[in-house]
Amino acid sequence: MKTIIIATKNEGKVAEFRALFAERGFQIRSLNDIDEDISIIEDASTFAGNACKKAETIVGYTGNVVVADDSGLEVEALDGKPGVYSARYAGDEKNDQANNQKLLRELENVSDEDRKARFVCALAVAFPDRETEVVIGTCEGKIAQEPKGDHGFGYDPVFYLEDKHKTMAQLTSEEKNEISHRANALKKLEEEWKEWF
Ligand SMILES: O=P(O)(O)OP(=O)(O)OP(=O)(O)OC[C@H]1O[C@@H](n2cnc3c(O)ncnc32)[C@H](O)[C@@H]1O
Ligand SMILES: [Mg+2]
C-alpha cells in the first residue's frame, strides 16, 4: 500500500484524511507520527500559500510526497473572516469552543438570511523533484444560532447545512466525508491528476 505524509498536527483532519485516502488505496502518516519537533509558521495571506508552505517544509524533512491542508471558515457578514486566522480566531491557544463562541457573539444581531458561510480547504502536494500542486475545495452553509452535535472538530457544531437540516457536527464521519471542503479538494486533485492516484 502506498504511504502519504499529511503535514498536519490536527487529529480531526488526520482522521478525515485517513478515511478519504484509504478509499483510494493509500495509508497516511501525519506530523504526530514523526519524531522531529517541527513547527511551521503559517504567515501567508492565503490558504493556498500556507498549504504550500506546510507541504514544502515537510518534503525537506522526509523526502517523500507530502500533502498539506490549510483550511478555515469564511463568513460573508464578516467580510470573509475568520479566514486564514480560523484556528486562532479567539486567541493563540487554538481553542475550538472559544472560537465558536466568539463567532456566535460577532453574529448575535445578524439575521438567518445574512449568516452565509463557507468552509475552504487548500490542499497542496509537494514532491522532492517537481513543482508543488494546489487545489481548493469548498463547502457552502450558514452559521447556526447555537452549537449542535459532537462529531467532527473546529467550527463543525456551528456550521449549518441547509439541505441536510443539520450542522456538520451532527453528520457521521462518513456523511461529512461525502460533502466536506476537504473531500471536495481531494476529488479535484484526483480529477486533475489521475496518474498519481
Ligand atoms: O495547521 P495544521 O497542523 O494542519 O492544523 P490546524 O488546526 O492549525 O489547521 P489550520 O491551520 O488549517 O486551521 C484550520 C482551522 O479551521 C477550522 N477548520 C478547518 N477545517 C474544518 C472542518 O472540517 N470542520 C471544522 N472546522 C474546520 C478549524 O478550526 C481549524 O483549526
Ligand atoms: Mg495551522
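Filter the chymotrypsin sites (Phe, Trp or Tyr not before Pro) in segment 93-173 down to the DSSP loop ones having no more than 16 other Cβ atoms within 10 Å, then list what survives.
Sparse-neighbourhood loop chymotrypsin sites (Phe, Trp or Tyr not before Pro): PHE153.
Rounded to the nearest 500, what is the chain's calculated 222 nm mean residue ellipticity when only DSSP H runs of at least 4 contribute -39500 (n - 2.57) each, over all residues?
My calculation for the chain gives -9000 deg cm²/dmol from helical runs alone.
Which loop-located GluC sites (Glu not before Pro) does segment 17-55 contain, where loop means any DSSP state but H, G, I, E or B and the Cβ has at most 12 other Cβ atoms within 10 Å?
Those that pass, being in a loop and sparsely packed, are GLU23, GLU36.
Among DSSP beta bridges lying fully in segment 2-196, give the percent that are antiparallel, nearest 5.
Roughly 80 percent of the DSSP beta bridges within segment 2-196 come out antiparallel.
Looking at the square roots a ≥ b ≥ c of the eigenvalues of the Cα gyration tensor of segment 102-156, which shape do they give, rounded for a/c under 1.5, prolate if a/b is larger than b/c, or oblate?
prolate
Can you classify segment 2-196 as rounded, prolate or oblate using the Cα gyration tensor, where a ≥ b ≥ c are the square roots of its eigenvalues, rounded means a/c under 1.5, and otherwise it's prolate if a/b beats b/c and oblate if not?
Taking the square roots of the gyration eigenvalues as a ≥ b ≥ c, segment 2-196 is prolate.
Need one number: nm distance between label points at ASP33 and THR3, each 7 Å from Cα along Cα→Cβ, rounded to one decimal.
Taking the simple label geometry, ASP33 and THR3 are separated by 0.6 nm.
Quick one: if you stick a label point 7 Å off each Cα along the C-beta vector at GLU108 and GLN145, how many nm between them?
1.6 nm
Over segment 96-178, what is the mean sequence separation of C-alpha contacts under 8 Å (at least six apart), divided by residue count, expressed as relative contact order in percent?
This gives 24 percent for segment 96-178.
Taking square-rooted eigenvalues a ≥ b ≥ c of the alpha carbon gyration tensor, is segment 23-111 rounded, prolate or oblate, where a/c under 1.5 means rounded and, failing that, a/b exceeding b/c means prolate?
Since a/c reaches 1.5 and a/b is larger than b/c, the shape of segment 23-111 is classed as prolate.
Restricting to Cα pairs below 8 Å that are 6+ residues apart, what does the relative contact order work out to for segment 2-196? Please round to a whole percent.
18 percent
Taken together, the values in this text are just the output of simple stated rules run on the coordinates, not laboratory data. The shown structure was predicted, so the numbers you read here are calculated from the model rather than taken from an experiment. No Cβ is skipped: glycine too gets one built from the backbone with ideal geometry, and neighbour counts run over all protein chains shown.
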